[in-house]
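These notes are about the structure you will find just below.
The values are calculated or read from the model by the stated rules, or taken from the named source; none is laboratory data. Here the structure is a predicted model, which means the values were calculated and not measured. Cβ atoms come from the backbone with ideal geometry, glycine included; neighbour counts cover every protein chain shown.
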Amino acid sequence: MRSVKAMNRSRAVPILAVLRPHHWLKNLLILLPGLAGHVGSPAAFATALVAIAAFSLCASAGYVLNDIVDRADDRGHPVKRSRPFAAGELSIGHGMILPPLLLGAALGLGWYISPAFAAVLGGYFFASLAYSLAIKRLLALDVTLLACLYGLRVIAGGLAFAVPLSEWLVAFSVFLFLCLALMKRGADLAYRVRAGLGDPSGRPYRLEDGPILGCLSAAFGAAALVVLALYINSPAVVRLYAFPEALWGTGLILAYWLCRILILAHRGELRDDPVAFAATDAPSLVCGALTVAIVLGWAL
């Protein structure tokens, strides 16, 4: 007869898996407004860390609900079938306990930062819930909402750091996040083609849509690069940088990274969300470190 300790341990592993802690890395986007605005206060960054924790808990609540809703479709996917609910490692009863606990803790931390931040956090949760229940099945609207979920993290970062978001950062974020959302869809289709699978169930895309998704992703990535180039040549950049020409280095780094990750997505080798992939990919981490070094070091 199994001991209580062994049973608890066996249940803890799938619970941790369903929270998707590797996706918490996407919440580092909350730091973007502080880095772009050259915020140097340790207290502000401490608040930002609380904000990242709040978004991580909130996102995990959404992941649990999404996996419960998707468990039937996930059983037919070569990778997603190993998710705890699809694999039968975690019961629906145990799963339904997690979202209210996670969301309650997230909103508590959010309210500690500010009521406005808590409101954005709540909006993020309900948007992710709408995505899981219906919008992920609607052509093009699904990637638009995914881009908005990325963008809400940047808005929350502005509130956490108490800095206004510039129109440049907003425009850049819109195009870049649309690029990444489309890339995620195209990468999944490319993987299915390589694996000899058919059209994904429960999704509005077909295998034949892969090329157009790749083209759209590249187009929005190029638009993000154009916005960055216009920003470097704008009067606004002079107020923040003594040597704004150094920012061209960030443009070259972003161009390289987008080219590389688009090719990986086209090959079907991008097996995760692009932002989560970048957080564990060595060349992407080098690109990120160089970008931060230029923004906070040489360009100042």
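Quick notes on this one:
- Residue within the stretch 141-156 that is outside the structural domain of residue 49 (by TED's automatic domain parsing), in a helix (DSSP H, G or I), small (Gly, Ala, Ser) and touching a His at 6+ places or on another chain (Cβ under 7 Å) present: no
- For the stretch 117-134, a residue qualifies if it is crowded, with 17+ Cβ neighbours inside 10 Å and either more than 17 Å from the chain's Cα centre (by Cα) or aromatic (Phe, Trp, Tyr) (or both), and the qualifying residues are 117, 118, 124, 125, 131.
- Unmet requirement for residue 232, which otherwise passes all of (1) without any contact (Cβ under 8 Å) to a residue 24 or more places away in the chain; (2) among the β-branched types (Val, Ile, Thr); (3) closer than 30 Å to residue 196 by Cα: (3)
Residue-wise test of (1) in contact with a strand residue (DSSP E or B) (Cβ under 8 Å, 6 or more places away or on another chain); (2) crowded, with 19+ Cβ neighbours inside 10 Å; (3) among the charged types (D, E, K, R).
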site: 141; (1), (2), (3): no, no, no
site: 146; (1), (2), (3): no, yes, no
site: 153; (1), (2), (3): no, yes, yes
site: 166; (1), (2), (3): no, no, no
site: 172; (1), (2), (3): no, yes, no
site: 184; (1), (2), (3): no, yes, yes
site: 187; (1), (2), (3): no, yes, no
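- Subset tally (residues that are acidic (Asp, Glu) and under 30 Å from residue 41 (Cβ atoms)) for the stretch 118-169: 1
- Qualifying positions in the stretch 188-224 - under 24 Å from residue 68 (Cβ atoms), assigned to a helix (DSSP H, G or I) and touching a helix residue (DSSP H, G or I) at 6+ places or on another chain (Cβ under 8 Å): 192
- A residue that is modelled with pLDDT of 85 or more and either hydroxyl-bearing (Ser, Thr, Tyr) or closer than 30 Å to residue 208 by Cβ (or both) occurs nowhere in the stretch 235-249.
- Where a residue in the stretch 32-58 is closer than 13 Å to residue 156 by Cβ and assigned by TED's automatic domain parsing to the domain that holds residue 128 and its partner, wherever it lies, is of a type in the set (Asp, Glu) and in a helix (DSSP H, G or I), with Cβ under 7 Å and at least six apart: none
- Criterion: in contact (Cβ under 8 Å) with a residue 12 or more places away in the chain, surrounded by 20 or more Cβ atoms within 10 Å (Cβ to Cβ) and part of a loop (DSSP other than H, G, I, E, B) - qualifying residue of 270, 240: 270
- Qualifying residue in the stretch 59-69 (condition: assigned to a helix (DSSP H, G or I), of a type in the set (A, V, I, L, M), modelled with pLDDT of 90 or more and under 23 Å from residue 162 (Cα atoms)): yes
- You will find that of 180, 247, 176, 216, the residue that is hydrophobic (A, V, I, L, M, F, W, C) and farther than 17 Å from residue 146 by Cα is 247 and no other.
- Residue within the stretch 101-116 that is over 30 Å from residue 47 (Cβ atoms) and part of a helix (DSSP H, G or I) present: no
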